[in-house]
Amino acid sequence: MTNINIGYERLLKIILAPYISEKATLLGEKNNQTVFRVTTDATKKEIKAAIELLWKEQKIEVTNVRTINVKGKHKRFGRFMGRRSNWKKAIVNVKEGQELSFTNFTSAGVK
């Protein structure tokens, strides 16, 4: 795991959910990448440390993290115009030969 000073609780709150779409599954099959929805203030170093912490038992090594800020869409709610909130997505590469397993997932020793 990387040697950066980030709080343990902060790392557990960075990764919100895996993001599943047609493009995300294509990336996973071809390039061994996984897409996550993360907090909007998360940095690449924090995302890398959080992934390595959550999958510590599988000894996952993250090689690359790319982030994308997704702008919220303007939508109509009845006669009012509204806006969905902005969010951030992270594309995570893991070391060749490794795979993130969501079925054998433990939340880093937190009960």
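Data for the structure
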{"quantity": "Violating pairs (Cα-Cα greater than 20 angstrom) within the set K44/K95; K56/K88; K23/K59; K13/K75", "calculated": "K56/K88; K23/K59; K13/K75"}
{"quantity": "Tilt relative to the chain, helix 44-54 - C-alpha long axis, 0 to 90 degrees, to 10", "calculated": "60"}
{"quantity": "Angle between the chain longest axis and helix 22-31 axis [Cα atoms, degrees, rounded to 10]", "calculated": "20"}
{"quantity": "By average C-beta atoms within 10 angstrom, highest first, the peptides 68-76, 34-42, 93-101", "calculated": "34-42, 93-101, 68-76"}
{"quantity": "Protection proxy ranking of 56-64, 84-92, 22-30 - average other beta-carbon atoms within 10 Å, highest first", "calculated": "84-92, 56-64, 22-30"}
{"quantity": "For region 15-65: rounded, prolate or oblate by the Cα gyration tensor [a/c cutoff 1.5]", "calculated": "oblate"}
{"quantity": "Using a Förster distance of 25 Å, the FRET efficiency for E96-R66 (Cβ separation, nearest 0.05)", "calculated": "0.90"}
{"quantity": "Unit charges at the beta carbon, dipole of the chain: most positive-side option, H74, T39, N93", "calculated": "H74"}
{"quantity": "Shape of the chain, Cα gyration tensor, a/c cut at 1.5", "calculated": "prolate"}
{"quantity": "Net +/- balance of residues flanking N5 in space, Cβ distance below 12 Å, scoring K and R +1, D and E -1", "calculated": "+1"}
{"quantity": "Difference of contour (0.36 nm per residue) and Cα-Cα distance, K75 to L26", "calculated": "14.8 nm"}
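Since every read-out is calculated from the coordinates, none of them should be taken as a lab result. Since we're looking at a predicted model, the values are computed, not measured. Positions of Cβ are generated from backbone atoms using ideal geometry, with glycine treated the same way; all protein chains shown enter the neighbour counts.
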